[in-house]
There are 2 protein chains.
Amino acid sequence: MSNPRQLYPLVFADVALFSVVDDRLHVLLVRRAEAPHAGQWALPGGILKPDVDKDLHGTAQRVLRGKLAVDVPYLEEVCTASGPHRDERGWSISVLYLALLPMDQVHVAVGNKIDALKWVDPFAADAPLAFDHSELLRKAMDRLRAKVERHALPLHMLPQKFTLSQLQRICEIVLGRDLDKSVFRRRLKELHAQNLVEVNGEMVRGVQRPAQLWRAADGFKFIG
Amino acid sequence: MSNPRQLYPLVFADVALFSVVDDRLHVLLVRRAEAPHAGQWALPGGILKPDVDKDLHGTAQRVLRGKLAVDVPYLEEVCTASGPHRDERGWSISVLYLALLPMDQVHVAVGNKIDALKWVDPFAADAPLAFDHSELLRKAMDRLRAKVERHALPLHMLPQKFTLSQLQRICEIVLGRDLDKSVFRRRLKELHAQNLVEVNGEMVRGVQRPAQLWRAADGFKFIG
DNA sequence: TCAATAGTGTCTCTTAGACAATATTGA
DNA sequence: TCAATATTGTCTAAGAGACACTATTGA
């Protein structure tokens, strides 16, 4: 009992940060620079610092600030994982967070201590991640899909201004299936009239009919 | 930094244990015997013991075993609460669990260290609970209602054998609104044919037509 | 027979999916 | 005009809610 790791568990915040790259859903991974699992890829995470963090949400925010040059606009707790053997350093708890990043902010600066970052397709996982992070990633994916399936709008993955076609495409990418354009827009009007604001006078132009631009309403929450 | 409470947070598992008493939803509270908040009512909870618990789920189970003479048949993680000020003893994390107890097992033995237990209507909360437990209770309630609203069946609150009318009554009590008998049973046949098993030859008798008894199918999960 | 609850049937209205039709641009 | 995408309309089938109806018991 002299080892404080047996009296107090290690507490981590791990984050599954999603965005869209090349029309496919991607999640951010970091290559671990230090043991345990040095060289393996993992979800970005870090240990709770009681002298620094206001709460575990703050731990997750601090971890992401250390890795990316941006503040993520959405962060939500998913679940915890705990036990004596999931981390070689001792009895540990990981609180898993789901985060979203706008697709136009995917190219971000790399922080200091990190060996490497990469965005990968969570469906095409080639190698298992460090610790139990493959399982955690699956749970975060399930949560994200369930929310979009329940008609929650992942507006935080879009640029500030977007078209309804872009929004539909994002939902299709997350869900992994095509949606009917008419049904999708009908539901937007029914359920999200107060969450979407028309941006007047600015259209997306191309070799086709210009599309209306929209933005998320003030105080929009990714709920569902 | 010499105080280990600033290096390592206190980690608790707190449980909102629900059942039905007198045709109303109730939650189990304990009166705190020791400081902080001695004498105040709180959700049953306890500190993680890394040398004893296999994981946080195990902590919650151990806490309930210490208070009740039964093993609860359902236990699910809801969320966490964390920060430096929510517990006077230091930076702390509570992992909140939602648990269900069959209504015929509400009268259970009281454990050793507990000053008192009581079942209360979570809607008719007279006084705020200790710590942030009023907020935690609200979140557990929200989770329970959301699941039943999504047609998850809270079979773990019923006796082993039950009638469909009893099942409907439980759902109505949780949701706080009446359900249509025909719609309810139609949905049971559509969605829960594999979750419900007819118990043949045993009817509930009274001054009315006898009702068919059912039980949860083997391996039933309260999902949704 | 009647009260009381169990269990089923039916009608209507709403919603979801499929798919067609129209609109507007640049080349 | 044509290709390409935006936006809207319509038909149909499935599902939900309301409510009535039948069934079976003990008193």
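The values are calculated or read from the model by the stated rules, or taken from the named source; none is laboratory data. All values reported here derive from a predicted model rather than from experimental measurement. Counting neighbours? That spans all protein chains shown, and the Cβs are built from the backbone with ideal geometry, glycine included.
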The lone exception for A:Asn112 - which of (1) among the polar types (S, T, N, Q); (2) at pLDDT below 95; (3) part of a helix (DSSP H, G or I) it fails = (3)
Go through (1) of a type in the set (A, V, I, L, M); (2) surrounded by fewer than 24 Cβ atoms within 10 Å (Cβ to Cβ); (3) closer than 18 Å to B:Val106 by Cα one by one and return the number of the condition B:Ala16 breaks.
-> (2)
Which of (1) modelled with pLDDT of 95 or more; (2) surrounded by 21 or more Cβ atoms within 10 Å (Cβ to Cβ); (3) not aromatic (Phe, Trp, Tyr) does B:Gln61 not meet, given it meets every other one?
-> (2)
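Would you please name the residue that is farthest from A:Asp132 (Cα to Cα), looking only at residues in region A:67-103 that are of a type in the set (D, E, K, R) and within 13 Å of chain B (Cβ to nearest Cβ)?
Filtering region A:67-103 for residues of a type in the set (D, E, K, R) gives A:67, A:71, A:76-77, A:86-89.
Those left that are additionally within 13 Å of chain B (Cβ to nearest Cβ): A:76-77, A:86-87, A:89.
Numbers: A:Glu76: 19, A:Glu77: 17, A:Arg86: 7, A:Asp87: 9, A:Arg89: 14 Å.
Checking each candidate, the answer is A:Glu76.
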Filter result for the condition that a residue is touching a Leu at 6+ places or on another chain (Cβ under 9 Å) and under 28 Å from A:Asp53 (Cβ atoms), over B:Ala35, B:Ala60 | B:Ala60
Unmet requirement for A:Lys118, which otherwise passes all of (1) of a type outside the set (A, V, I, L, M, F, W, C); (2) assigned to a strand (DSSP E or B); (3) modelled with pLDDT of 95 or more | (3)
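Residue by residue, here is whether (1) part of a loop (DSSP other than H, G, I, E, B); (2) closer than 26 Å to B:Ser92 by Cα; (3) within 14 Å of chain B (Cβ to nearest Cβ) holds:
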{"residue": "A:Asp14", "(1), (2), (3)": "no, yes, yes"}
{"residue": "A:Leu17", "(1), (2), (3)": "no, yes, no"}
{"residue": "A:Val27", "(1), (2), (3)": "no, no, no"}
{"residue": "A:Glu34", "(1), (2), (3)": "yes, no, no"}
{"residue": "A:His37", "(1), (2), (3)": "yes, no, no"}
{"residue": "A:Asp51", "(1), (2), (3)": "yes, yes, yes"}
{"residue": "A:Gly58", "(1), (2), (3)": "no, yes, yes"}
{"residue": "A:Arg62", "(1), (2), (3)": "no, yes, yes"}
{"residue": "A:Arg65", "(1), (2), (3)": "no, yes, no"}
With respect to B:Ala124, determine if the residue is surrounded by 18 or more Cβ atoms within 10 Å (Cβ to Cβ), assigned to a loop (DSSP other than H, G, I, E, B) and not acidic (Asp, Glu).
-> no
Select from region A:169-203 the residues that are within 8 Å of DNA strand D (Cβ to nearest atom) and closer than 30 Å to A:Ala124 by Cβ and write down the one among them that is farthest from the other protein chains (Cβ to nearest Cβ).
-> A:Lys181
Any residue in region B:96-109 that is in contact (Cβ under 8 Å) with a residue 60 or more places away in the chain and surrounded by fewer than 19 Cβ atoms within 10 Å (Cβ to Cβ)?
-> yes
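Is there a residue in region B:173-187 that is surrounded by 16 or more Cβ atoms within 10 Å (Cβ to Cβ), closer than 30 Å to B:Cys79 by Cβ and of a type in the set (Gly, Ala, Ser)? Give the steps one after another, and end with the answer.
Keep residues of region B:173-187 that are surrounded by 16 or more Cβ atoms within 10 Å (Cβ to Cβ), which gives B:173-174, B:184.
Pick out the ones that are also closer than 30 Å to B:Cys79 by Cβ and you get B:173-174, B:184.
Add one more test, that the residue is of a type in the set (Gly, Ala, Ser), and what stays is none.
No, there is no match, as no residue in region B:173-187 is surrounded by 16 or more Cβ atoms within 10 Å (Cβ to Cβ), closer than 30 Å to B:Cys79 by Cβ and of a type in the set (Gly, Ala, Ser).
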Taking the stated definitions as given, is B:Gln6 over 15 Å from the mean Cα position of the chain (by Cα), surrounded by fewer than 22 Cβ atoms within 10 Å (Cβ to Cβ) and more than 14 Å from chain A (Cβ to nearest Cβ)?
-> no
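Mind checking which residues of region A:203-222 are surrounded by 11 or more Cβ atoms within 10 Å (Cβ to Cβ) and either under 30 Å from the mean Cα position of the chain (by Cα) or of a type in the set (D, E, K, R) (or both)? Even if it seems obvious, please write down each step before you answer.
Quick first cut of region A:203-222, residues surrounded by 11 or more Cβ atoms within 10 Å (Cβ to Cβ) only: A:203-204, A:210-217, A:220-222.
Passing the criteria: A:Met203, A:Val204, A:Ala211, A:Gln212, A:Leu213, A:Trp214, A:Arg215, A:Ala216, A:Ala217, A:Phe220, A:Lys221, A:Phe222.
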Kindly indicate whether any position in region B:149-162 is under 30 Å from A:His57 (Cα atoms) and more than 16 Å from DNA strand D (Cβ to nearest atom).
-> no
Hey, A:Leu137 surrounded by 19 or more Cβ atoms within 10 Å (Cβ to Cβ), more than 16 Å from DNA strand D (Cβ to nearest atom) and under 13 Å from the mean Cα position of the chain (by Cα) or not = yes
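Test B:Gln166 against the criterion of being in a helix (DSSP H, G or I) and either among the hydroxyl-bearing types (Ser, Thr, Tyr) or within 8 Å of DNA strand C (Cβ to nearest atom) (or both), and give yes or no.
Details: in a helix (DSSP H, G or I): yes; either among the hydroxyl-bearing types (Ser, Thr, Tyr) or within 8 Å of DNA strand C (Cβ to nearest atom) (or both): yes.
Taking the combined requirement at face value, the residue satisfies it.
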State yes or no: is A:Val52 crowded, with 18+ Cβ neighbours inside 10 Å and modelled with pLDDT of 95 or more?
-> no
